[in-house]
Amino acid sequence: MKLIFQPRYWNHINGWLLVLPAVFMISLFTHFPIGSNVFHSLFSMGTATRPEAFIGLENYKYLMDDDIFWKVLSNNLVYSLCTVPISIAIALCMALLINRNIRGRSLVRMAFFTPTVLPMIAVANIWLFFYTPEYGLFDQIFTVFGGDSHNWLGNPDSALYCLIVMVIWKESGFFMVFYLAALQQLSPELKEAGLVEGSGSWYYFRRVTFPLLMPTTLFVMVNAVVNSFKLVDHLVIMTKGGPDNASSLLLYYIYENAFSFWDTSYAATLTVILVLILAIITVIQFVVVEKRIHYQ
Amino acid sequence: MSKIILNDVCKSWGKIEALNNINFECENGELLVLLGPSGCGKSTTLRLIAGLETLTSGTVEIGDRDVSNLPPVKRNISMVFQNYALFPHLNVGENILFGLKARKVPKNEQKKRLENAATLLGLADFIDRKPAQLSGGQRQRIALGRAIVAQVSVCLMDEPLSNLDAKLRQEMRQEIRSLQQRLKMTMIYVTHDQVEAMTIADKIILMKEGCIEQHGTPEDLYDRPATAFTGSFIGNPPMNILTPDDLILDGLPSFPTPLAGSTIRYLLGIRPENIEISGESGIEGLVVAIEYLGADTLIVCRSGEQLITLTVKGKTGVSVGDHLRLNWKPEHIHLFNGEDGRRIEGLAGGLIS
Ligand SMILES: Nc1ncnc2c1ncn2[C@@H]1O[C@H](COP(=O)(O)OP(=O)(O)O)[C@@H](O)[C@H]1O
Ligand SMILES: [Mg+2]
């Protein structure tokens, strides 16, 4: 019997052929590594004398009892909970500010955007100087007003917050660009209708601008959360996670385990946890926020 | 009361002069149409009245109050925008009530006015829908609803029907007119469509390049156009504006004119519906195009270098290439000054031969 392909089958085959290259690349560089990572987390670290062996969930049990893991996880939560909302709020304010017809607008816009184009390594070095005890910018300012010198990054109580401030400074400009683009999509007629209808600027912002910016907010929020887990370059320069892991984050801890302690199987275990956290947060954001978004 | 008065209003953006010395009054309860070709400054005039633009010079008064420096809220107006300016994330009810909520009108009053407006506009069944789920005409009604619940006596409209199809446009303009009369609103209505203007207006202001060409009733504009531009803008098809060359003057019987003896260059205006096809006498014309419109037929003739359009009732036996003789009565002739296009009054006295 001869196989007769009906047009609709051709359609399916065509479609699959078209997405095949993308599917292949994504599988190769995303899905396969995740799978292999999960697989590795179930083995013990091989050494010269001991070959690696299947140990089941042993690594996960160790993780539960690992105080440093819990420390960096809570650090990371504080870090995310501070950087994400604050940088989004600042980004929105900056965007609203320069979306108006003010003189020198492009200059301000450039100033806001500059931190974004700087590489994280450069930013970290600049801020390292800001935070230097006695000679640093902050200390110099403080001493002018009669304050004491602080060891900003050396103090376990302040180290994490110093990083948070710096990251907010770096990220806000980037998110501002998205808000600015979204604001310029809004029809000026709406604003004028608002003016004629007698809505004040706060009322208009609350009832119109903010809701219409929700798709952008979701996008920016997902990015901000993911960044707060995946950007750790500055730790390498500024604190190395110290003092006493006070400023360490999950990904930096993974990096240390994998490339300083060479415990790759424990690093794989931590990575599984990181991927899970990110997946859960993203799903929650989409499900919860999606419902309240109006897409144009 | 809500009479609107513009005194010596000018508006320019840098070197661009959009409005030049605009003066007019719109009486209480009147529907005034701002008419003119695109870019003549209609929207600018309206936006100045609304307070969405700032005056370069002059004053705007609404209801015996100088509002020139007041923000839009304080001017006690409502406005319908060309693209309706509906908030896409709010449902019909919230869109209509947007202004009342902003002004903190009591809840039960809001409810009453919304019900009122919704029934008036046939929107009662759609209160919970989003604008995107409604047709163009219904969206237009939401915008009207907003103007109605505001319960202010001045309503400004900027090309409110331009996004609708022809049939709907006709329905909506009747609806707007009857609403305006029922609610006794003072309305300024911007359009570039002369048919819309003629059918809806109490008074029309025809604008051209930032100046007022003529201000009057639709009949005034049709019967006694103040300039050749008005003549050719009002009426469909537009008035023929002819340069009186020998072919035309020889074809016409002599007619009375105030120009006898003078050497002024002038233009002849004649409406297509006033031109008759006659037997022997009249201007010779070669038919170059025919458009059959059902109730009447449009015939374009060439006489020398000039084209003359005329309409005749029903179907005609005329076909392209025929030679016709055209004639019109002296009382249907409009004379315009050839230099500035102004109307020359008083078709009586001397004769042109
Ligand atoms: N914001 C503006 N900046 C500069 N020129 C403008 C602005 N708004 C309108 N104009 C100019 O003013 C003139 C009148 O515009 P407008 O009132 O919108 O015309 P219309 O009669 O088509 O509504 C046009 O030549 C237009 O280019
Ligand atoms: Mg306009």
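The values are calculated or read from the model by the stated rules, or taken from the named source; none is laboratory data. Bear in mind the structure is a predicted one, so any value in this text is a computation, not a measurement. With ideal geometry, Cβ positions are generated from the backbone for all residues, glycine too; neighbour counts draw on all protein chains shown. We work out accessible area using only protein heavy atoms, side chains counted, and drop any ligands, DNA or RNA first. Shrake-Rupley method; radii C 1.70, N 1.55, O 1.52, S 1.80 Å.
Listed values, structure above:
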quantity: Output for the stretch B:158-178, where each listed residue is touching a residue at least 40 places away in the same chain (Cβ under 8 Å) and open to solvent by less than 10 Å² (accessible area, probe 1.4 Å); calculated: B:P160
quantity: Spans of strands (runs of 3 or more DSSP E) in the stretch B:3-51 with at least 3 residues over 18 Å from B:I176 (Cβ atoms) and out of contact with any Pro (no Cβ under 6 Å at 6 or more places or on another chain); calculated: B:4-13, B:16-26
quantity: Top-ranked residue in the stretch B:24-79 [being away from ligand 2 (no atom under 12 Å from the Cβ) and on the phi > 0 side of the Ramachandran plot; ranked as nearest to the chain's Cα centre (by Cα)]; calculated: B:G29
quantity: Residue selected from the stretch B:33-54 under the condition buried (at least 21 other Cβ atoms within 10 Å of the Cβ) and more than 14 Å from chain A (Cβ to nearest Cβ), by the criterion farthest from ligand 1 (Cβ to nearest atom); calculated: B:V33
quantity: Candidates B:T119, B:T186, filtered to the one that is open to solvent by less than 10 Å² (accessible area, probe 1.4 Å) and more than 14 Å from every other protein chain (Cβ to nearest Cβ); calculated: B:T186
quantity: Positions within the stretch B:11-28 being more than 9 Å from ligand 1 (Cβ to nearest atom) and open to solvent by 30 Å² or more (accessible area, probe 1.4 Å), in sequence order; calculated: B:K15, B:N20, B:N21, B:N23, B:E25, B:E27, B:N28
quantity: The stretch B:55-77: number of residues that are part of a strand (DSSP E or B) and within 14 Å of another protein chain (Cβ to nearest Cβ); calculated: 2
quantity: Subset of the stretch B:96-113 [assigned to a helix (DSSP H, G or I), within 14 Å of chain A (Cβ to nearest Cβ) and either touching a residue at least 24 places away in the same chain (Cβ under 8 Å) or not small (G, A, S) (or both)]; calculated: B:I96, B:L97, B:F98, B:G99, B:L100, B:K101, B:Q110, B:R113
quantity: Helices (runs of 4 or more DSSP H) contained in the stretch A:225-296 and holding at least 1 residues within 30 Å of B:L86 (Cα to Cα) and of a type in the set (A, V, I, L, M, F, W, C); calculated: A:264-290
quantity: The stretch B:141-165 - residue that is more than 14 Å from chain A (Cβ to nearest Cβ) and at pLDDT 90 or above and, of those, nearest to ligand 1 (Cβ to nearest atom); calculated: B:L161
quantity: Enumeration of residues in the stretch B:189-223 that are among the basic types (K, R) and away from ligand 1 (no atom under 14 Å from the Cβ); calculated: B:K203
quantity: Positions within the stretch B:80-99 being within 27 Å of the chain's Cα centre (by Cα) and either open to solvent by 20 Å² or more (accessible area, probe 1.4 Å) or closer than 16 Å to A:R207 by Cβ (or both), in sequence order; calculated: B:Q82, B:N83, B:A85, B:L86
quantity: Complete set of residues in the stretch B:267-285 that are open to solvent by less than 60 Å² (accessible area, probe 1.4 Å) and in a strand (DSSP E or B); calculated: B:L267, B:L268, B:G269, B:I270, B:I283, B:G285
quantity: Matching residues in the stretch A:240-296 - criterion: being surrounded by 15 or more Cβ atoms within 10 Å (Cβ to Cβ) and among the hydroxyl-bearing types (S, T, Y); calculated: A:S247, A:S248, A:Y252, A:Y253, A:Y255, A:T264, A:S265, A:Y266, A:T269, A:T271
quantity: Any hit, the stretch A:196-218, residues being acidic (D, E), within 14 Å of chain B (Cβ to nearest Cβ) and touching a helix residue (DSSP H, G or I) at 6+ places or on another chain (Cβ under 7 Å); calculated: yes
